[in-house]
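To keep things clear, I will list the structure first and then write my remarks on it.
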Amino acid sequence: MTIPRFITVEGIEGAGKTSCMDLLERRIRERGHQVLVTREPGGTPMGEDLRQLLLGHRHDGMADDTELLLMFAARAEHLHAKIEPALAGGSWVLCDRFTDATYAYQGYGRGIDLQRIATLETWVQGKRRPDLTLLLDLPVEVGLERAGRRSTPDRFESQALAFFERVRRGYLGLAAASPGRFRVVDAGQSLDKVSQQVTAAIDAFLDQADSR
Ligand code: T5A
C-alpha cells in the first residue's frame, strides 16, 4: 500500500483554494486513495469554535501572541483528533492551510519572531510536516478583489494591503526555502489555466508516490 500523504494548499485570500481543493480531492480519489479533506483554522468542533473567535470581529483588538497561540491550539486538536488518526488509518489528508499560513500571516504579516513560531511548530507537530504544499500565488489586489466580491470581510480580510503584500512575500520566501515540498501555481490566470497547473502538480506527485 502507498504511504498516505499529507497535502496542504496555501495562498492569500481569494487565491482560489476552494476550487483547487475540489480538484485535488478528485484526482487523489481517482487513483484509489481515501482522502480526508479538512481545513485550518478548524477541522474539529473545537477548532471550528476557535475559527469563529479568530475570524470574527468580536475580538478585533486581539493581541498578536493570542492569535498565534489560538492558531496552534486549534492545530494541536486537529492533529490529535483528525489528521494523525487519518494518516495512521491509511487515508491521505488534504488540508486547506496549515503551518505555512502561520509563518506567512503571524510571522511575516504581523511581525512575530519566526523562531517563536518554529518552537511552537516543533512542540505541537513533532516531526509532522506536509509532504506536498501547493502555493496559489497571485497579486494581492486580484485576490482581495475576488474575495471581496463574495462576502463581508472577516478579521483578516479587513487588514491593509501592505499586510497582504508581506504575507505574499512571506509565502514566496517559504516556497523558495523548501523547493522539494512546494509547488508554486500562478493563480492570477483563468480558472482553466490554474486547474491545468494544479492537475500537472498533483499528477506528478501521485505518480511518484504510487511508484514507491
Ligand atoms: N490564518 C489561517 C492565519 O492567519 N494563520 C493560520 O495559521 C491559518 C491556518 C482563514 C484565515 O485565517 C488566516 C488566513 C485567512 O485569513 P480561510 O477561509 O481559510 O480563512 O481563507 P480565505 O483565504 O479567506 O479563503 P477564501 O475563500 O477567501 O480564499 P480561497 O478559498 O482561496 O478563494 P475561493 O476559491 O473561495 O475563490 C474566491 C473567489 O474567486 C473566484 C471564486 O469563484 C470565488 O468567487 N475565483 C476565480 N475567479 C477568476 N479566476 C480564477 N482563477 C479564480 N479562482 C477563484
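A few notes on this one:
- Counting every alpha-carbon pair across the stretch 6-210, the share separated by more than 28 Å comes to 23%.
- Taking VAL9, VAL142, VAL184 and counting other C-beta atoms within 10 Å, the order from fewest to most: VAL142, VAL184, VAL9
- For ARG110, nonlocal amide neighbours, meaning residues 5 or more places apart or on other chains whose placed amide H falls under 5 Å from its own, do not occur.
- Sorted ascending by nearby beta carbons within 10 Å, beginning with the fewest, THR152, THR133, THR2 become THR152, THR2, THR133.
- Panel order for ARG181, ARG168, by other beta carbons found within 10 Å of each beta carbon, from fewest to most: ARG181, ARG168.
- Computing FRET efficiency as 1/(1 + (r/R0)^6) for ALA118 and ASP154, where r is the C-beta to C-beta distance and R0 is 30 Å, gives about 0.65.
- The value of relative contact order for the stretch 6-210, using C-alpha pairs under 8 Å at least six residues apart, is 34 percent.
- Reducing the stretch 112-127 and the stretch 161-212 to their Cα centroids gives an inter-centroid distance of 23 Å.
- 222 nm mean residue ellipticity, helices alone, for the chain (DSSP H n ≥ 4; -39,500 (n - 2.57); rounded to 500): -15500 deg cm²/dmol
Readers should treat all values here as calculations from the given coordinates under stated rules, not as data from a laboratory. Nothing here was measured: the structure is a model prediction, and the numbers come from that model. Note that we place each Cβ from the backbone using ideal geometry, even for glycine, and neighbour counts take in every protein chain shown.
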